[in-house]
Amino acid sequence: MVRQYLLLCGALAVLASCTPLPDHISFSPPDETATVQDVYVSAARLPSIRDADIRQDRNRTARFARYGVSIPPTHATGQIEWPEKDAHVDPATDFAVVDLDVLRGGSAFVERLNAEPGEEVAVFVHGYNNTPSEALYRLAQISHDFSIAAPRVLFAWPSAGTPAGYVYDRDSVLFSRDPLVDLLSTLGRQTDKKIILMAHSMGAQLAMEALRQLALTGRRDVLRKLDAVVLLAPDIDPDIFRAQANVIGRLPDPFVIMTNRHDKALRLSAFLNIGRQKVGDLSRASDVAGLNVTLFDFSAVADGANHDHLVPVTSPAAVALLRNLVDSDRRGAPDLSSFDVGVDGVIRARAVQKAK
């Protein structure tokens, strides 16, 4: 009993140490020294300048918009430069929204995406404890740091945006399955583009549930439009993940899972689930045997930031490794020189040697 009490106190300490995220964006005139990333958003509640009451956040009505997110010239890889509290936003040093185009319904959304160049569209599903504003800026940061040329779409589901909202967020995942299925079906059937699906943390659970629902409802044509799936630190029980994958059947190829054994957020999630390990901290190929899944283990480059829950997209070392991998893959020869490919098939990032 004493041990359980101590563990609970430790879990609450982790929750308390999570800094609350801003719930609103900031508008600014553009700055010629900044870089602008266009991000399309599909959400019941679009990112705005006002905080929202989460008790009214769940809504089945999808709204669409395109945001121009300004990345400052002082941007550090993997970071979101928020304005100082109560300070005026400065696009020379802060993330800011410099352009907003609210789209009138799904038809306008599809029309705009079809007009975008390229053959792919990248869809991002955020994780637990995210506000729409943080998710918008995070996708802009990922797009900037990885030079993603494809049009980007954020699916913003109703997270409570607070560390104490874990149970609320788990329920919101169930609530959001149909809207995400609708979005993927719209993209798969009404655009001429293949889909790259990226999902983080609890958003990976939502993504897998949506793929499962597509399979169960006979929408295999939409599943075939998925060019790749990337799950970042997925907060999914391994048994549930295997059950989902078995229903989906043949998974999109490539299907990549990025893991990290030092992920403190997943450790907390495991504690709340009687200690069961999550897919996001698996490190053995046998854990996903027979599923045609590739595991990338980034434990060696975890740097302690963000509770090591966003290592592949926030750690400068991990971003450098992945960017090099993506660039080399565009040339047709993936460069794994900074990784160790285990005999079990797991691809493990090597620790970066610090300059003396």
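The values are calculated or read from the model by the stated rules, or taken from the named source; none is laboratory data. Remember, it's a predicted structure, so these values are computed and weren't measured experimentally. Positions of Cβ are generated from backbone atoms using ideal geometry, with glycine treated the same way; all protein chains shown enter the neighbour counts.
Restricted to the stretch 70-121, and to residues there that are touching a residue at least 60 places away in the same chain (Cβ under 8 Å) and of a type in the set (S, T, N, Q), the residue that is nearest to Pro47 (Cα to Cα) is Gln79. Applying the condition of being touching a Ser or Thr at 6+ places or on another chain (Cβ under 7 Å) and at pLDDT below 80 to the stretch 300-343 and asking which residue is surrounded by the most Cβ atoms within 10 Å (Cβ to Cβ) yields His309. Evaluating Val41 against the criteria (1) surrounded by 16 or more Cβ atoms within 10 Å (Cβ to Cβ); (2) more than 20 Å from Ala92 (Cβ to Cβ); (3) modelled with pLDDT under 70 leaves one unmet condition, (3).
For the stretch 65-107, filtering for residues that are in contact with a Pro (Cβ under 9 Å, 6 or more places away or on another chain) and among the small types (Gly, Ala, Ser) leaves 7. Can you say whether Ala351 is in a helix (DSSP H, G or I), closer than 30 Å to Asn130 by Cα and at pLDDT 85 or above, as far as the supplied structure shows? No, not satisfied. In the stretch 200-207, is there at least one residue being more than 19 Å from Ser159 (Cβ to Cβ) and assigned to a helix (DSSP H, G or I)? Checked the stretch 200-207: no residue is more than 19 Å from Ser159 (Cβ to Cβ) and assigned to a helix (DSSP H, G or I). For the stretch 179-190, state whether one or more residues are in contact with a helix residue (DSSP H, G or I) (Cβ under 7 Å, 6 or more places away or on another chain), closer than 25 Å to Ala265 by Cα and basic (Lys, Arg). No, the stretch 179-190 contains no residue that is in contact with a helix residue (DSSP H, G or I) (Cβ under 7 Å, 6 or more places away or on another chain), closer than 25 Å to Ala265 by Cα and basic (Lys, Arg). Selection of first residues in the stretch 301-323 that are without any contact (Cβ under 8 Å) to a residue 40 or more places away in the chain and of second residues that are surrounded by 18 or more Cβ atoms within 10 Å (Cβ to Cβ) and basic (Lys, Arg), restricted to Cβ pairs under 7 Å at least 6 apart or on distinct chains, gives an empty result. Would the stretch 239-262 turn up any residue that is modelled with pLDDT under 85 and either surrounded by fewer than 24 Cβ atoms within 10 Å (Cβ to Cβ) or assigned to a helix (DSSP H, G or I) (or both)? Yes, the stretch 239-262 contains a residue that is modelled with pLDDT under 85 and either surrounded by fewer than 24 Cβ atoms within 10 Å (Cβ to Cβ) or assigned to a helix (DSSP H, G or I) (or both).
Residue-level analysis places Leu174 outside the set of residues that are assigned to a loop (DSSP other than H, G, I, E, B), hydrophobic (A, V, I, L, M, F, W, C), at pLDDT 90 or above and surrounded by fewer than 20 Cβ atoms within 10 Å (Cβ to Cβ).
Is it fair to say Ser185 is surrounded by fewer than 23 Cβ atoms within 10 Å (Cβ to Cβ) and at pLDDT 95 or above? The answer is yes for Ser185.
Which of the residues that make up the stretch 215-238 are under 19 Å from Gly203 (Cα atoms) and assigned to a loop (DSSP other than H, G, I, E, B)? Ala233, Pro234, Asp235, Ile236, Asp237 - these are the residues of the stretch 215-238 that are under 19 Å from Gly203 (Cα atoms) and assigned to a loop (DSSP other than H, G, I, E, B).
Given the structure, is Leu268 farther than 25 Å from Ile148 by Cβ and either at pLDDT below 95 or not in a helix (DSSP H, G or I) (or both)?
yes
Would you pick out the residues in the stretch 59-79 that are over 21 Å from the mean Cα position of the chain (by Cα) and more than 30 Å from Ser176 (Cβ to Cβ)? Pro72, Pro73, Thr74 - these are the residues of the stretch 59-79 that are over 21 Å from the mean Cα position of the chain (by Cα) and more than 30 Å from Ser176 (Cβ to Cβ). Could you list, in sequence order, the residues of the stretch 162-181 that are closer than 19 Å to Pro252 by Cβ and out of contact with any Phe, Trp or Tyr (no Cβ under 9 Å at 6 or more places or on another chain)? Those that are closer than 19 Å to Pro252 by Cβ and out of contact with any Phe, Trp or Tyr (no Cβ under 9 Å at 6 or more places or on another chain): Arg177, Val181. Working only within the stretch 297-319, note down all residues that are acidic (Asp, Glu) and within 18 Å of Ala204 (Cα to Cα). Correct list: Asp297, Asp308. Regarding the stretch 12-23, can at least one residue be identified that is of a type in the set (Ser, Thr, Tyr), modelled with pLDDT of 75 or more, surrounded by fewer than 17 Cβ atoms within 10 Å (Cβ to Cβ) and farther than 26 Å from Glu120 by Cα? No - not one qualifying residue is present in the stretch 12-23. Residues in the stretch 281-310 that are of a type in the set (Val, Ile, Thr) and either touching a Gly at 6+ places or on another chain (Cβ under 9 Å) or assigned to a loop (DSSP other than H, G, I, E, B) (or both): Val293, Thr294.
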